[in-house]
């Protein structure tokens, strides 16, 4: 059984025991969280599609760790003016392990 959840403005296809890297959540490492915005749940012909969310469906997950992504460089240069600007950014992420899908 799989589910499609929405968190952090993105959609993720998850199944039980999957480890997923998502946008940062305010939760302690080792705590349990629930995702209530479930778009699709089921398998094959038994899949339920929400409009926009499936009623009564939740996905439970355990927070594994918090980390940061790779550095992304933003580079601007004005030609022939001896002017440039480099900015770096590292996005914060949360790694979660899906424990249960309730439909």
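Just so you know, all these numbers are worked out from the coordinates, no wet-lab data involved. Quantities reported herein were computed from a predicted structural model and do not represent experimental measurements. Cβ coordinates were reconstructed from backbone atoms using ideal geometry, including for glycine residues, and neighbour counts include every protein chain displayed.
A straight chain from residue 82 to residue 24 at 0.36 nm per residue would run longer than the Cα-Cα distance by 17.1 nm. Distance between the modelled labels on residue 2 and residue 51, one decimal in nanometres: 2.4 nm (7 Å Cα→Cβ projection).
For the peptides 91-101, 71-81, residues were scored by their other Cβ atoms within 10 Å and the scores averaged per peptide; the highest-first order is 91-101, 71-81.
Which three numbers, in whole Å and largest first, are the semi-axes of the equivalent ellipsoid of segment 2-102 derived from its Cα gyration tensor as √(5λ)? Intermediate values should be presented prior to the final figure.
Details: eigenvalues 269, 59, 20 Å².
Taking √(5λ) for each Cα gyration eigenvalue gives 37, 17, 10 Å.
List the residues of segment 27-47 whose backbone N lies under 19 Å from a point placed 7 Å from the Cα of residue 17 along the Cα-to-Cβ direction. The answer is 42-43.
Note down the relative contact order for the chain as a percent, whole number, built from C-alpha pairs under 8 angstrom at least six residues apart. With pairs under 8 Å counted, the relative contact order is 33 percent. Spacing of the modelled spin labels on residue 65 and residue 31, each 7 Å from Cα toward Cβ, amounts to 2.0 nm.
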